[in-house]
Structures are given as structure tokens and as C-alpha cells.
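Heads up, the thing below is written out as C-alpha cells.
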Amino acid sequence: MVGGSLAGLSAANWLCATGWEVDVLERACEPLVDRGAGIVLHPATSRFLTAQEGLALDAFSVAVDHLRYLGPDGSVVTERESRFRFAAYGALYRSLRRSLERRGGRYVHGARVTAVRTAGRTAHVALADGTGTSGQLLVGADGVHSTVRRLILPDVEPELGGYVAWRGVLDEDELPAHALRPLERAITYTILDHAHILTYPIQAADGRMRRNWVWYRNLTAPGELEELLRDRDGERHELSVAAGAVRQQLVAALAAEADRELPPPLATLVGRTATPFVQAMVDVTPPHLVVGRVCLLGDAGFVARPHAAAGTAKAAEEAWLLAQALSDPAVELEEALAGWERGALDLGSALVARSRRAGERAQREGSWNVGEPPPFGLRSTGDSEY
Ligand SMILES: Cc1cc2nc3c(=O)[nH]c(=O)nc-3n(C[C@H](O)[C@H](O)[C@H](O)COP(=O)(O)OP(=O)(O)OC[C@H]3O[C@@H](n4cnc5c(N)ncnc54)[C@H](O)[C@@H]3O)c2cc1C
């Protein structure tokens, strides 16, 4: 397994559970717990932890009971019942890692893969430190900038969507009561002029409640994306700048724009977030997911814009289906991979198209109606609800 984030851990766990021996090669030298972001949970995402590990959903996620839309003055314009659940990235990562350790999977930090190749029935990888390893199958789960994808499908490039998602997380006790109250027990949206923002609660490892938010903003000036993607040290990133690395002047400008453009509770939430981070919205649509004994899953394969909130769910579903496909010893590995690929291509291309459509409606057409259900879902809108 190349990549030890949510896709890699999901696949490693499902494969271990069906009897495979798995090594996870992760380039980061430390556990990935500090990625400050929330995930809208999906039954596919929680399936391993509930069905295989016997965890209660409350052990790694929180529920809300309302979907709410706020108007420009911060008043509630519409509200309806909802059954979405939300998890902190760290809660999923920690739970999946604990499970992998219990199952005897090996997780190697500081292992950056630089080359892959299939020879006969064996896949080989080379690492940046000059070592290498091999196995029956190599799974590329190394994210949107996937080295494995670039090596096996060099013509596939992310397509820019023309807007960015600003994201952040703030402890709820840093929000004054007047800002927190309109957001409580809800996922809350505000539809803006060719933009939108949403926020929902997540829980930190120590039990603190936090507020995750995502503000989708169109790029309007030439060179704007390049400016957003240049970090504090002047380094230009390809598609995203991590929390803590965004230039202070951009953080200050975002807070000022929040004051001008957002309803007061959301302006307070964004303005008080010390380390927001930014990601360019892209679609990635590879023509294949299997080449020889190498396959791609998670963001290393298809990348959908986040409006359907199903990237992690897609990774978990692909992982589950891969383990199922490989679990029958009577089926040759190539045949099993071909069957898995057909299903994963259908899943990925449909999700990318549905998410792109949702993004175009909100950011280009301005046709996302206040009050409508969010486009969350993996195979169809609405299948994320519990
Ligand atoms: C704004 C936004 C909101 C989102 N919200 C949701 C949501 O609500 N619900 C949902 O289901 N999904 C959501 N997603 C999608 C989700 O974040 C990802 O799709 C999902 O977590 C899959 O991640 P991954 O493991 O494939 O990739 P990543 O998390 O990027 O992990 C890739 C890993 O590979 C490692 N790596 C990279 N290159 C190498 C190499 N050469 N050698 C070794 N290791 C390497 C990296 O260090 C990293 O740990 C959202 C995404 C965005 C941008």
C-alpha cells in the first residue's frame, strides 16, 4: 500500500481482514493526526469500524438533527430534520490505525515511494532512501498528487474547477454564544452570490466540540490561484496549502471578506479561525485504475469536488470491494482486479459528474436553492444519511 491516510488505511484494513499480509508505506515521518478537517460520514466510511471492529458510531463521530440555512442577517431562513453524522479526520485515522495494528498490518513512516513496476506476477516499488520492496499487488492510495498515478498513467492531470475551498476548524468555546447558538445541533449552510459556505460540528480526541467550516469561493482574477497557493515561505504548492502555512496577509484578508460577505455567526467563525487552509477544486478522471499488478484507489484514482462529501466514502467503498474481489482463491488475481476496476470506474466517474454538477449550480449558475437538501451521497444523493 502506498499512502497511509484514510484510503490507504481503509484498504489495508479490509485486505488484512480477508487474510492478506499488508505493508503500508507512508512518506510522512509522523502520524497524520493533526490534519484539521472534518468529514461528513457515510455508511461506507463507517462500515469497517462498526462491522469489523464493533465500534459504536458515537465512538468516532457526532450526529446532528437539523439541516439549517441562515440568511444574510444570520436568522434561520429554513430548517428541516436531518440524520447526517460527522467525524474529525483524526478520529477516523486513529481508529483505523489501531485496527490495523491489532490485525498485524505493518505501517511504515518515512517511506516515500519514487518508482513502481510490475514484472510478471510481482509488483515492485522503489523508495526515496534507495531501498525497495515487492509483493503480489501494489495499491496506490497516495492522494490527489499520486506518484503511483503519475507513473502508471502519466497523461492524467487534475482539471481545475475555477474556485477554491477555504476550510477551517475552531473550538466551539472560542465562539461567543450569539454566534454558536444559530449553529447548534445542525449542519448549517448559507448560499451567497455564486459562493456558499457550510459548517458542522466535529469532536476532538479529548472530547472538545469543534466547528468545521468550508467556504467555496470563485477565482475571479488572473494569477489569483497562484497567489493563494504560495505559502509563508514563498513555496508554490500545486493544489493546496496546509493549515498553518497560509500567508498571514491572506488569513487577514479572508477574515475581512468574511465580515463583509457572511452572516454574522459565520463571519465570527471564519474570522476567529487562526489557521484556515485552502484547496483548489479539481476533477480527476483516470481512464483506468489497474495497470498490471498496480491499482489506484481513493484520491489517487478519481477525485470528485467535495460537494457530495463522499471522497473518503468512495475510498472506503473501493477498499471494501477490492478486498471482496480478492477474497476468492479460485479467481485469478488479474481477473479479480479487472472485475473490481469495472465497478470502481463506474462509481468514480458518476461521483465526479454529480459533484461537478453540484459545484456548477452553486458557483456558476447560482441555481442552488435555499433550503434544498445538500448533495451529499456516494452512489446517489441522500445515501449519506444514517
Ligand atoms: C474541502 C474538502 C472537503 C471534504 N469533505 C469530505 C467529506 O465530508 N466526506 C468525505 O467522505 N470526503 C471528503 N473529502 C474528501 C477526502 O478528504 C478525501 O477524498 C479522502 O480522505 C481520500 O484521501 P486519500 O487517503 O485518498 O488521500 P490523502 O488523504 O491525500 O492521503 C494520501 C497519503 O499518501 C501519502 N503519500 C503521497 N505520496 C506518497 C509517496 N510517494 N510515497 C508514500 N506516501 C505518499 C501522503 O503523505 C498521504 O498521507 C473532502 C475533501 C475536500 C478537499
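The values are calculated or read from the model by the stated rules, or taken from the named source; none is laboratory data. Computed from a predicted structure; not experimentally measured. Neighbour counts run over all protein chains shown; Cβ positions are idealised from the backbone, glycine included. Accessible surface areas use protein heavy atoms only, side chains included; no ligands, DNA or RNA. Shrake-Rupley method; radii C 1.70, N 1.55, O 1.52, S 1.80 Å.
Computed over the Cα atoms of the stretch 83-160, what is the convex hull's projected area averaged over all directions, in nm²? Answer in nm², one decimal: 8.4.
What the phi angles of the stretch 63-79 give under the Karplus curve with 6.51, -1.76 and 1.60, with θ = phi - 60°, is a coupling list of 10, 10, 10, 9, 9, 10, 10, 9, x, x, 8, x, 7, 6, 8, 8, 8 Hz, glycine and proline written as x.
Accessible surface calculations at 1.4 Å, restricted to protein heavy atoms, place the chain at 42 Å² per residue. Taking amide H as placed 1.01 Å from N in the peptide plane, residue 376 has its amide H under 5 Å from the amide H of 382, each at least 5 places away in sequence or on another chain. Ligands, DNA and RNA left out, the accessible area of the chain computed with a 1.4 Å probe is 49% carbon and sulfur. Principal-axis analysis of the Cα atoms of the chain puts helix 311-325 at an angle of about 20° to the longest axis. Segment residue 136..residue 226, full-extension length gain: 28.3 nm, with 0.36 nm per residue of separation and the alpha-carbon distance subtracted. Rolled with a 1.4 Å probe across the full set of protein chains, the surface gives residue 386 an accessible area near 70 Å².
Using only alpha carbons, the stretch 223-307 has a radius of gyration to Kirkwood radius ratio (Rg to Rh) of 1.12.
Take the Kirkwood radius over Cα pairs of the chain, plug it into Stokes-Einstein at 20 °C and 1.002 mPa s, and you get 100 µm²/s for translational diffusion. Computed with a 1.4 Å probe on the full set of protein chains, the accessible area for residue 108 sits at about 40 Å². Here is the tail figure for the stretch 4-83: Cα pairs spaced more than 20 Å apart come to 54 percent of all pairs. Maximal additional length on extending the residue 119-residue 260 stretch stands at 44.9 nm, based on 0.36 nm per residue less the C-alpha distance.
Annotation: amide H of residue 192 within the under-5 Å range of 197, sequence separation 5 or more or interchain, hydrogens built in the peptide plane. Over the stretch 155-200, the fraction of Cα-Cα pairs per 5 Å bin, rounded to whole percents and listed from the shortest bin up, is 5, 14, 20, 21, 15, 9, 7, 5, 3, 1, 0.
Taking the chain as the reference, fit the longest principal axis to its C-alpha atoms, fit the long axis of helix 248-261 to the helix C-alpha atoms, and give the angle between the two in degrees, 0 to 90, nearest 10. The answer is roughly 50 degrees.
The helix-only estimate of mean residue ellipticity at 222 nm for the chain, built from DSSP H runs of length n ≥ 4 each weighted as -39500 (n - 2.57), is -9000 deg cm²/dmol after division by the residue total.
Legend: residues 231, 129, sorted from most to least accessible area (1.4 Å probe; ligands, DNA and RNA excluded), read 129, 231. Sparse packing (at most 12 other Cβ atoms within 10 Å of the Cβ) combined with a DSSP loop state is found for the following trypsin sites (Lys or Arg not before Pro) in the stretch 110-143: 121.
Couplings 3J(HN,Hα) for the stretch 271-282, derived from phi with the Karplus relation 6.51 cos²θ - 1.76 cosθ + 1.60 (θ = phi - 60°), are x, 8, 7, 6, 10, x, 9, 10, 9, 6, 7, 9 Hz, where x marks Gly and Pro. Measuring max minus min along each principal axis, the C-alpha atoms of the stretch 274-353 give extents of 54, 24, 19 Å (largest first). Remark on residue 24: its backbone amide H falls under 5 Å from those of 106, 107, 108, a criterion applied only to residues 5 or more positions apart or on other chains, H modelled at 1.01 Å from N. For the pair the stretch 280-309 / the stretch 135-207, the C-alpha centres are spaced 16 Å from each other. Helix 6-17 and the longest principal axis of the Cα set of the chain meet at an angle near 40°.
Overall shape of the stretch 162-281 was characterised from the C-alpha gyration tensor. The equivalent ellipsoid obtained from it has semi-axes of 24, 16, 12 Å, in decreasing order.
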